[in-house]
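Take a look at this one; I'll ask things after.
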Amino acid sequence: MKIRSKDIELHVEDAGAGQPALVFLHYWGGSSRTWRHVTERLQPEFRTIAIDQRGWGKSDDAPGGDYALTDLAGDAEAVIDALGLDRYVLVGHSMGGKAAQLLASRQPTGLAGLVLVAPSPPSPLGMPLEVRQGMVGAYASRESIMATVDQVLAGSPLGADDLEGVIADSLRGADAAKSAWPLSTSQEDITADVAHITVPVLVISGENDHVDPPTVLRQELLPRIPQAELHILKGVGHLSPLEAPDSLADLIGSFVRGLGRMGA
């Protein structure tokens with residue numbers, strides 16, 4: 001389905017039933033289908049809503065290069081409002097995790113919990129400018145994407161279909177979306193904002209994540225969100241929705257069920 005957020009249309013995959021609904025935000029380079037293995041496992045019990053973020057998948061490119069965190073968070077909020085969700089959990093991966101942190105910090109009505117999967121921390125991405133400039137070309141060709149997956153993103157080989165999906169999603173991204181994250185959006189500092197997150201928070205990190213490793217999350221994220229609990233996936237890299245969907249779905253499901261017991 002298509003949902004309008006200000007002057008763009010977002011593609012949204014909405015399936016399953018049950019409360020609370022789970023709203024999924026993908027990583028830089030991905031799309032809603034990054035989550036498909038996870039959402040398929042959760043749908044018998046939960047309603048899952050996966051968004052193609054602006055400039056990615058089947059969603060529109062943002063006019064004027066509007067790819068700030070407030071734009072990404074605003075898009076998610078627009079989808080939540082359009083669907084009339086009165087109780088939901090945000091699930092954000094990497095870039096989507098940082099956008100989810102900002103939205104959660106606004107304490108929106110209906111937010112019951114927050115799941116951060118290999119999240120970009122609230123502080124600016126700790127990479128030199130020349131490295132971030134090199135990231136802009138990471139998704140320029142099939143060859144560069146395969147090298148990025150092999151050397152940076154995946155902790156273990158992806159299945160053939162998943163690899164082709166990653167390549168297609170990365171190639172399809174709008175040029176402005178590809179450059180905005182490494183050059184500007186990842187540098188936004190929302191450390192003061194996340195102190196206002198009040199809901200329960202689960203953080204899931206891959207043991208072999210080279211993008212947002214557990215050491216960085218322990219230093220940059222956990223001290224700023226005191227209620228956050230960290231779970232490490234053994235032998236997994238940055239692409240846990242594709243590398244370990246069973247474990248991820250189990251952790252998310254258990255966390256959400258626990259919210260019901262806590263009355264959150």
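Residues in region 3-15: is at least one among the acidic types (Asp, Glu) and without any contact (Cβ under 8 Å) to a residue 40 or more places away in the chain? So that I can check it myself, show each step before the final result.
Applying the first criterion (among the acidic types (Asp, Glu)) to region 3-15 yields 7, 9, 13-14.
After this cut, where a residue has to be without any contact (Cβ under 8 Å) to a residue 40 or more places away in the chain as well, the list is 13.
Yes, that holds for at least one residue.
Name the residues in region 50-99 that are over 25 Å from Leu251 (Cβ atoms), free of Cβ contacts under 8 Å to residues at least 60 places away in the same chain and either crowded, with 23+ Cβ neighbours inside 10 Å or within 13 Å of the chain's Cα centre (by Cα) (or both), would you?
The one that is over 25 Å from Leu251 (Cβ atoms), free of Cβ contacts under 8 Å to residues at least 60 places away in the same chain and either crowded, with 23+ Cβ neighbours inside 10 Å or within 13 Å of the chain's Cα centre (by Cα) (or both): Ser59.
Right, another one. Scan region 104-122 for residues that are surrounded by 14 or more Cβ atoms within 10 Å (Cβ to Cβ) and either in contact with a His (Cβ under 7 Å, 6 or more places away or on another chain) or in a helix (DSSP H, G or I) (or both) and jot them down.
Within region 104-122, Ala104, Ser105, Val117, Ala118 meet the criteria.
Given the conditions (1) surrounded by fewer than 16 Cβ atoms within 10 Å (Cβ to Cβ); (2) in contact with a Ser or Thr (Cβ under 8 Å, 6 or more places away or on another chain); (3) part of a helix (DSSP H, G or I); (4) not polar (S, T, N, Q), which single one is not true for Gly258?
Tallying (1) surrounded by fewer than 16 Cβ atoms within 10 Å (Cβ to Cβ); (2) in contact with a Ser or Thr (Cβ under 8 Å, 6 or more places away or on another chain); (3) part of a helix (DSSP H, G or I); (4) not polar (S, T, N, Q), Gly258 fails exactly one: (2).
Let me spell it out: the conditions are (1) touching a strand residue (DSSP E or B) at 6+ places or on another chain (Cβ under 8 Å); (2) in a helix (DSSP H, G or I); (3) touching a residue at least 24 places away in the same chain (Cβ under 8 Å); (4) hydroxyl-bearing (Ser, Thr, Tyr), and Ser247 meets all of them except one. Which number is the exception?
Only one criterion is unmet by Ser247, namely (3).
Still on this structure, I have one more. Which fully enclosed strands (runs of 3 or more DSSP E) of region 1-55 have 3 or more residues being at negative phi, touching a Ser or Thr at 6+ places or on another chain (Cβ under 8 Å) and among the charged types (D, E, K, R)?
8-15
Quick check: is even one residue across region 174-187 more than 27 Å from Pro226 (Cα to Cα), surrounded by 18 or more Cβ atoms within 10 Å (Cβ to Cβ) and of a type in the set (Asp, Glu)?
No.
In the set Gly30, Gly64, which member is touching a helix residue (DSSP H, G or I) at 6+ places or on another chain (Cβ under 7 Å) and farther than 22 Å from Leu111 by Cα?
Working: Gly64 fails: touching a helix residue (DSSP H, G or I) at 6+ places or on another chain (Cβ under 7 Å).
Just one listed residue meets the conditions, Gly30.
Turning to a different aspect of this structure: If I filter region 204-229 down to residues being in contact (Cβ under 8 Å) with a residue 60 or more places away in the chain and in contact with an Asp or Glu (Cβ under 8 Å, 6 or more places away or on another chain), which single residue comes out as nearest to Gln107 (Cα to Cα)?
Of everything passing the filter in region 204-229, Ser205 is nearest to Gln107 (Cα to Cα).
Tell me whether region 253-262 contains one or more residues that are under 15 Å from the mean Cα position of the chain (by Cα) and more than 20 Å from Ala99 (Cα to Cα).
No, that holds for no residue.
I would also like to ask the following. Is region 188-203 home to any residue that is free of Cβ contacts under 8 Å to residues at least 12 places away in the same chain, more than 20 Å from Trp56 (Cβ to Cβ) and surrounded by fewer than 21 Cβ atoms within 10 Å (Cβ to Cβ)?
Yes: one or more hits.
Among the residues of region 123-138, how many are closer than 21 Å to Gly97 by Cα, assigned to a loop (DSSP other than H, G, I, E, B) and over 18 Å from the mean Cα position of the chain (by Cα)?
Total meeting the criteria: 4.
How many residues does region 1-35 contain that are crowded, with 19+ Cβ neighbours inside 10 Å and under 25 Å from Ser247 (Cβ atoms)?
Within region 1-35, residues that are crowded, with 19+ Cβ neighbours inside 10 Å and under 25 Å from Ser247 (Cβ atoms) number 17.
Then there's this: Which condition number does Val211 fail, the rest of (1) buried (at least 16 other Cβ atoms within 10 Å of the Cβ); (2) in a helix (DSSP H, G or I) being met?
Condition not satisfied by Val211: (2).
Collect the residues in region 214-240 that are part of a strand (DSSP E or B) and in contact with a Leu (Cβ under 9 Å, 6 or more places away or on another chain), keeping them in residue-number order.
Ala228, Glu229, Leu230, His231, Leu233
Within region 157-190, how many residues are small (Gly, Ala, Ser) and in a helix (DSSP H, G or I)?
Here the count works out to 9.
All of the numbers you see were taken from the coordinates with simple rules; none came from a lab. Small disclaimer: the values here were computed from a predicted structure and weren't measured. Glycine gets a Cβ as well: all are built from the backbone with ideal geometry, and neighbour counts include every protein chain shown.
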